Each structure stands twice: as structure tokens, then as C-alpha cells.
Amino acid sequence: MKINPIYSTFLILTLLIGCNEATEIHKDAALFSKGERITNENFKGTAWLNMLATPDSLNTMYAGLVTFEPGARTNWHSHPAGQILIVTKGEGYYQEEGKDKRTMLQGETIKCLPNIKHWHGASQNSEFAHIAISSRDKGPAQWFKPVTDDEYLK
Ligand code: MN
């Protein structure tokens, strides 16, 4: 059977576009839900927490997915046993006291050293999410003042 070359070109293009659409849908699907809105005073703006793992008799670690709407951020704080941040979405900021703010992008990991005062959050124009891993050893995080707009924009 002979297929009209115009028709076969159309067929191939349709298949290619179809595959591309399927890839796009998969890429945009969230792996985890945002969880519950954070209502405590330690955050400014709108942020969400999905606690993925909590400590138990075998393990001392917490892992929580934190999602920040644009402009949302933590207050200044420190972790007595340090913290690991794995960025899963968007663009955000991380700053340690006395140092310049740095940009964090999806796919990056940042290690916060124990007792170093810092903050993290979304950039002005991007939703931002990270998985925060910390330990219950040595006690809870210490919370300080909110990050002012001057500090945030610097
Ligand atoms: Mn932290």
C-alpha cells in the first residue's frame, strides 16, 4: 500500500506533538502535595508544610517539604544539629548572618551548619519548594526576628 507523503508527514508530526504534550504534563505534576498551610509566627508570607517523615525509635530525622509562595520566607533561625535543604521547585534565597544572600535553584542542595543563624525562602517572582532535613538530636530550632524587606531585597 502506498501512503501519500503529505499524509505520512502529518501523521509523524501528530505523533511527535502528542508525545511532547504527554512529557509536559508529566513534568508539571507535583510529586508531593503542599500539605498544610503554616500558620505560626516563624514565617512571613504564605508557606506550606508536608511532613514527609518524623523521628521514631529507630531514626532521629525529620524530612519536611516546605513550599513558599513568591516573597514568603522563614524568620532568622538556627538548627542545633544543622539542616539539609534539597530544592525541589523554583528559585529561592538562602542567607547566613554576615554573608551575602545566595540564590537557590531546583536541583540544588544546601547544608546549613549547626547553630549558624540563617533564613530561606522564595524569590520575589517564583514559587519555591525544598525538602528540609533536620534532626531531633540536640533540640529544636531556635527562632529569631523576621527578615525585613531591606534584608530580603539586599
Ligand atoms: Mn533552616
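Only residues that are exposed (fewer than 15 other Cβ atoms within 10 Å of the Cβ) and not charged (D, E, K, R): list them for region 145-154, please.
The answer is T148, L153.
Just give me the residues in region 123-154 being in a strand (DSSP E or B) and more than 17 Å from K44 (Cα to Cα), in sequence order.
Here is the first cut: in region 123-154, the residues in a strand (DSSP E or B) are 128-135, 142-143.
Once the filter is applied, which keeps residues that are in a strand (DSSP E or B) and more than 17 Å from K44 (Cα to Cα), region 123-154 yields I131, A132, I133, S134, S135.
For region 50-77, what are the residues that are touching a Leu at 6+ places or on another chain (Cβ under 7 Å) and either open to solvent by 40 Å² or more (accessible area, probe 1.4 Å) or closer than 12 Å to A129 by Cα (or both)? Walk me through it before giving the result.
Step one: list which residues in region 50-77 are touching a Leu at 6+ places or on another chain (Cβ under 7 Å), which gives 50, 52, 63-66.
Answer for region 50-77, where residues must be touching a Leu at 6+ places or on another chain (Cβ under 7 Å) and either open to solvent by 40 Å² or more (accessible area, probe 1.4 Å) or closer than 12 Å to A129 by Cα (or both): N50, L52, G64, L65, V66.
Considering every residue within region 51-68, establish whether at least one is under 13 Å from the mean Cα position of the chain (by Cα) and away from the ligand (no atom under 16 Å from the Cβ).
No, region 51-68 has no match at all.
Of the conditions (1) without any contact (Cβ under 8 Å) to a residue 60 or more places away in the chain; (2) surrounded by fewer than 17 Cβ atoms within 10 Å (Cβ to Cβ), Q142 satisfies every one except a single condition; which number is it?
Q142 satisfies all of (1) without any contact (Cβ under 8 Å) to a residue 60 or more places away in the chain; (2) surrounded by fewer than 17 Cβ atoms within 10 Å (Cβ to Cβ) except (1).
Output the number of the condition that L153 fails; it satisfies all remaining conditions of (1) more than 26 Å from A53 (Cβ to Cβ); (2) of a type in the set (A, V, I, L, M, F, W, C); (3) within 14 Å of the ligand (Cβ to nearest atom).
All conditions pass for L153, except number (3).
For region 123-133, which residues satisfy the criterion of being open to solvent by less than 60 Å² (accessible area, probe 1.4 Å) and either over 19 Å from M51 (Cα atoms) or hydroxyl-bearing (S, T, Y) (or both)?
S123, S126
If you go through region 78-122 one residue at a time, how many are in contact (Cβ under 8 Å) with a residue 60 or more places away in the chain and surrounded by fewer than 19 Cβ atoms within 10 Å (Cβ to Cβ)?
The total comes to 1.
Name the strands (runs of 3 or more DSSP E) wholly inside region 82-122 in which the number of residues that are near the ligand (Cβ under 10 Å from one of its atoms) and of a type outside the set (D, E) is 2 or more.
Values: elements: 83-96, 102-105, 109-112, 118-122.
Passing ranges, in order: 83-96, 109-112, 118-122.
The values are calculated or read from the model by the stated rules, or taken from the named source; none is laboratory data. For clarity, every value in this text was computed on a predicted model and none was experimentally measured. With ideal geometry, Cβ positions are generated from the backbone for all residues, glycine too; neighbour counts draw on all protein chains shown. The area values use the complete protein model at the heavy-atom level, side chains included, leaving out ligands, DNA and RNA. Shrake-Rupley method; radii C 1.70, N 1.55, O 1.52, S 1.80 Å.
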